[in-house]
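Here is the structure we will look at, set down as structure tokens.
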Amino acid sequence: MMNIRIFALTAVALAGSLVCSQPSTAQDGPEMEAMRANCGGDYLRFCAGMKPGGPEVKACFKRNRQNLSQGCSQAIAVYERSRAGSSGEADD
């Protein structure tokens, strides 16, 4: 039981850098926290063999967008909107 909890916490921590690989103020805000909270399971399911925060994970999530959990998909959409508003362009 303890191993499962440690594994789950590790997955959530790794999920923090799932979608983005460039530093920005939005990464530290509530949008990034929402992704951390909602995308850990999706990371493990679809992208676990990839280095967190790398471009491969971003591509993996984009490729699997239709299969992501509702919470993760919504968190990514909110994050992308926040990035578009802060930089003037959407981040695919």
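The values are calculated or read from the model by the stated rules, or taken from the named source; none is laboratory data. The structure presented is a predicted model; accordingly, all values stated were derived computationally and were not measured. With ideal geometry, Cβ positions are generated from the backbone for all residues, glycine too; neighbour counts draw on all protein chains shown. Only protein heavy atoms, including side chains, enter the accessible area calculation; ligands, DNA and RNA are left aside. Shrake-Rupley method; radii C 1.70, N 1.55, O 1.52, S 1.80 Å.
A residue that is of a type in the set (Lys, Arg), in a helix (DSSP H, G or I), open to solvent by 70 Å² or more (accessible area, probe 1.4 Å) and modelled with pLDDT under 90 cannot be found anywhere in region 37-52. Note on region 70-83: residues that are open to solvent by less than 50 Å² (accessible area, probe 1.4 Å) and either of a type in the set (S, T, N, Q) or in contact with a Ser or Thr (Cβ under 9 Å, 6 or more places away or on another chain) (or both) amount to 3. Return yes when residue 6 is part of a helix (DSSP H, G or I) and modelled with pLDDT under 90 and no when it is not. Yes.
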